[in-house]
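Student: Handing you this structure, nothing more for now.
Since every read-out is calculated from the coordinates, none of them should be taken as a lab result. Treat the numbers as computed from the prediction; the structure is a model and nothing was measured. Backbone-built Cβ (ideal geometry, glycine too); neighbour counts: all protein chains shown.
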Amino acid sequence: MTSESSVGHLLRELAPQVLGAVVRRHGDFAAAEDAVQDALIAAATQWPEHGIPANPGGWLHHVALRRLTDQLRSEMSRRRREDAVATELWADWAFVPPPDTELDAEDDDSLVLLFMCAHPALTPASAIALTLRAVGGLTTAEIANAFLVPEATMAQRISRAKQSIKASGVPFSMPTSAERAERLAAVLHVLYLIFSEGYSSSVGASLQRTDLSNEAIRLTRGVHAMLPHDGEIAGLLALMLLTDARRVARTGPNGELVPLDEQDRTLWDRARIDEGLALMPAALSTGAVGPYGLQAAIAAVHDEATRVEDTDWRQILALYVALERMSDNPVVSLNRAIATAMVDGPAAGLLAIDELGKDARLAGHYRLDAVRAHLHQMLGHRDVATEHYRVAAERTASVPERDYLLMKAAKLREQVSANDG
Amino acid sequence: MRYILMMHAPRGNGQYKVAEWKPEELQAHIGFMHQLNRELRDAGELVGAEGLAPPADARIVRAGKNGAPAVTDGPFPESKEFLAGWWIVDVDRTERAYEIAAKASAAPGPGGASLSIPIEVRQVMSAPKVDA
């Protein structure tokens, strides 16, 4: 007898490899997924009783291909008279390797699946859902739960994603070396989005969403293991680990946001930080450093400061200036302005913020007001700061952030009236 | 039976004036809401709860020409109040939904006094039961 949980764990690990291998042979994602699903169900019922086969991956592959073959056979018998070409196809597809055949290039197959899920025909939301389903090994119900939508909605989103890929006609295969860099960037973006979806929402009631961050880290670890010499993959993994290390310290008892400068740094996860820091040489040494490597470096500087006043803001400013040069993202510019304030003083920061306020993409953004409030507070302009906190609280769409900003305003107002009185 | 409990709040910087509360009053209010949601979840009654962004960005949408959305900044039917958030709860009887609404309504404000927030209670429609 083998415990059901160890079988479940093994199946979760093997599922994407087997799916990748089957899709690679047959190209039809939906049919392959059905077949692999059947194989997984067979394994989940048979293995706990009869034991895990010597080559579990080969077993699953074999059963899935048998299932596909059965499907194909019944379809073929229907079509045989009409379509002679189909018979040729059938001959090609009907070969099923014996169950003890080793899965060849299994890592490669998981990578191909990731590439496919970050398909250019998909919206980010669809790419994320498909990645979690096909490679991440989460059930549709788990994904739906994490994104707070009904299971039927998520099932539909995944099924439409598969249809889009099919309709686009782009084959399921390893991209050519010319496409590869671009597709890899898309894969990393999807993994990053999964991570931040889980991380940014981990404040508040939806604790189950931390599963998303853990899943993103697990998948990125896998990609890093497959392509250990890619600096941006190492950078993304480091960024996730160095950010996730602060998760617990980031939320107060009532779900309110605790910003970096107010966190209890003894709550940070040392193991995560050490693992992230160990990746930094790989992230920074390979040729041109990319945006994930730079963001990881910024996170590393914060994590290395055991007290907030030990933060090396000069280094952070230099890193943001470099990051700003390679990305046209106003939020990066906003962070650069904050670093400017920490190095050259709040007045210099306010000047930089005024300049940024002219960017239409940031106009009316609550973070502009939040940063202004903070800088005015540093300058001792309490009334102005209070007003900016209040406006920021009215503009944010996040409850923990709103509560935090209202609290800042309330505390400042109390100081003002204490001084007046 | 599922009920939606809709929490109303005064428009603008009206009656509650949240932005003028003391820090500890604000903390008590936020803590109350978290505790209420925790209780409802533990009781197996909570289906969902969301706070809504302030009404400045609210728009009225109607079907315009050819069904395209016609979006206007009002007019809003009730000018004094706006919907600030809601709970969806799954309870055995209507009275339980009223009890929860009353509890939410009593969230503390300045000086710890009950705010008596208006909470609108409506039953959520559902598919007919299989045996109906």
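Student: What ranking do B:17, A:358 get, fewest neighbouring Cβ atoms within 10 angstrom at the top?
Tutor: Lowest to highest Cβ neighbour count: A:358, B:17.
Student: Taking each pair of distinct Cα atoms in the stretch A:375-421 once, what is the resulting Kirkwood hydrodynamic radius in Å?
Tutor: Here the Kirkwood hydrodynamic radius works out to 10.7 Å.
Student: Taking the Cα centroid of the stretch A:245-310 and of the stretch A:22-37, what is the distance between the two, rounded to the nearest whole Å?
Tutor: 40 Å
Student: No solvent, one uniform scatterer per C-alpha: report log10 I(q)/I(0) for the protein assembly as shown via the Debye equation at q = 0.06, 0.09 1/Å, two decimals.
Tutor: Taking Cα atoms of the protein assembly as shown as identical point scatterers yields -0.40, -0.87.
Student: Eigenvalues of the Cα gyration tensor times 5, then square-rooted: what semi-axes does that give for the stretch A:146-189, in whole angstrom, largest first?
Tutor: Computed over the stretch A:146-189, the values are 27, 15, 6 Å.
Student: Next question, about the same structure. With each pseudo-label sitting 7 Å past Cα toward Cβ, what's the residue B:2-residue A:229 distance in nm, one decimal?
Tutor: Result: 5.5 nm between the two label points.
Student: While we're here: Place a label point 7 angstrom from the Cα of residue A:218 along the Cα-to-Cβ direction, then list the residues of the stretch A:142-164 whose backbone nitrogen is under 17 Å away.
Tutor: Residues A:142-147 fall inside that zone.
Student: Net charge near residue A:303: determine it from the other residues with C-beta under 12 Å of the C-beta of residue A:303, scoring Lys and Arg +1 and Asp and Glu -1.
Tutor: -3
Student: Sticking with this structure for a sec: How would A:140, A:266 line up from fewest to most surrounding beta-carbon atoms within 10 angstrom?
Tutor: Arranged by neighbour count, lowest to highest, A:140, A:266 become A:266, A:140.
Student: A further question on this structure: Relative contact order for chain A using alpha-carbon pairs under 8 Å, separation at least 6, rounded to a whole percent?
Tutor: Details: 548 pairs, mean separation 38.9, N = 421.
Computed over chain A, the figure is 9 percent.
Student: Please compute the length gained on full extension between residue A:159 and residue A:179, using 0.36 nm multiplied by the number of residues separating them and subtracting their Cα-Cα distance.
Tutor: Here the answer is 4.7 nm.
Student: In this model, which of A:358/B:22; A:358/B:65; A:408/B:17; A:358/A:411 are farther than 25 Å apart at the alpha-carbon?
Tutor: A:358/B:22; A:358/B:65; A:358/A:411
Student: Could you give me the ³J(HN,Hα) list for the stretch A:339-352, computed from phi with Karplus coefficients 6.51, -1.76, 1.60 and θ = phi - 60°, whole Hz, x at Gly and Pro?
Tutor: Going residue by residue, I get 4, 4, 4, 6, 8, 9, x, x, 5, 4, x, 5, 4, 4 Hz, with x marking Gly and Pro.
Student: Residues of the stretch B:94-112 with the amide nitrogen closer than 14 Å to a label point 7 Å from the Cα of residue B:35, along Cα-to-Cβ, please.
Tutor: Within reach of a label on residue B:35: B:103-109, B:112.
Student: OK, next. By count of other Cβ within 10 Å, fewest leading, how are B:22, A:408 ordered?
Tutor: Ranked by crowding around the Cβ, least crowded first: B:22, A:408.
Student: Averaged over peptide B:23-34, how many Cβ atoms belonging to another chain are found within 10 Å of each residue's Cβ?
Tutor: Per-residue shielding by partner chains comes out at 5.
Student: Based on the Kirkwood radius over alpha-carbon pairs, what is the Stokes-Einstein translational diffusion coefficient of the stretch A:224-326 at 25 °C with 0.890 mPa s viscosity, in µm²/s?
Tutor: 174 µm²/s
Student: Using the Kirkwood formula on the Cα atoms of the stretch A:286-388, what hydrodynamic radius do you get, in angstrom to one decimal? All intermediate terms of the calculation are to be shown ahead of the outcome.
Tutor: Values: mean 1/r = 0.0695 Å⁻¹.
By the Kirkwood definition, the hydrodynamic radius is 14.4 Å.
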